[in-house]
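Peer 1: This is the structure I have questions about; it appears just below.
The values are calculated or read from the model by the stated rules, or taken from the named source; none is laboratory data. Predicted model, so just to flag it, every value in this text is computed and none were measured. Glycine gets a Cβ as well: all are built from the backbone with ideal geometry, and neighbour counts include every protein chain shown.
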Amino acid sequence: MKFWLTLFLLVSCCSAFAQAPVTGIVFDKNSSERIAKVNITNLNSGKTAYNDLKGEFSITAKIGDQLVFSKPDHFSDTVSISSYTPLAIYLKPVAIQLKEVTIKGKNLTPEQQLVNTKREYAKIYSPSSNPDLLNMGNGGVGLGIDALYNLFSKSGRNAEKLRGIIDDEQKQKVIDYRFNKTFVQGVTHLEEPRLTDFMQKYRPGYYLVTTAGDYEFIAYIRTNLKRYLRHSKAHELPALPKVKVDNN
């Protein structure tokens, strides 16, 4: 009797910790059509996968694991695995899909905006705006007159300063492009004004935005969300005192 009881407990423990493929299909919640290019992340094991063009996916997980389904143009969804029955996942789109219209100057990526900016300020980005200090002449190596002028003249310093301003602005646009309200709200489910407050307090840096993968970026937001919910009023300004107005 003890042997069978021990064997039963051993099999139960192994089953609890065993991993098996979790399969399913991802749909658009509004249209009920299958959607592809959805990232599936197992928060417990760290494994990631993408579904195929038919919307179908397969990822290993064990009972109790949490899977995050994310797609740039849809809100993310988190599912806790309770069985190995195939899943039907419905992701809500972040906006109503309208008929595609091409509008010049609108909805450009930060890289496209930078190309346009450099075209508008071609003079300060041209090679002649920052030539080498040393040049080769008949007499050998010498100082370039144009280089010295651009280096020490007021116009040269202004051009260098303007390039710095444009480059800094470009980095902020890259951050805004990825750390946008639609995406952050899909991960945090915060509403205004707390959404704006959270984004201002936990705005990521340029390095994180340009190097972190989807899993790391979502994890960054979720980690800071926990901190924000614990200390959301830590930096709030006190309410202004009420002032009694005497009309006499």
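Peer 1: Select from the stretch 181-208 the residues that are of a type in the set (S, T, N, Q) and under 22 Å from His231 (Cα atoms) and write down the one among them that is surrounded by the most Cβ atoms within 10 Å (Cβ to Cβ).
Peer 2: Only one residue fits best here, namely Thr188.
Peer 1: Sort out which residues of the stretch 157-188 are modelled with pLDDT of 90 or more and more than 15 Å from the chain's Cα centre (by Cα), and write them in order of number.
Peer 2: Scanning the stretch 157-188 gives no hits.
Peer 1: Any residue in the stretch 58-72 that is of a type in the set (D, E, K, R), surrounded by 14 or more Cβ atoms within 10 Å (Cβ to Cβ) and within 21 Å of the chain's Cα centre (by Cα)?
Peer 2: yes
Peer 1: Moving to a separate point now. Among the residues of the stretch 217-233, which ones are modelled with pLDDT under 90 and not in a loop (DSSP other than H, G, I, E, B)?
Peer 2: Within the stretch 217-233, Arg230 is the sole residue that qualifies.
Peer 1: With respect to Ala147, is the statement that it is at pLDDT below 70 and in a helix (DSSP H, G or I) true?
Peer 2: Yes, satisfied.
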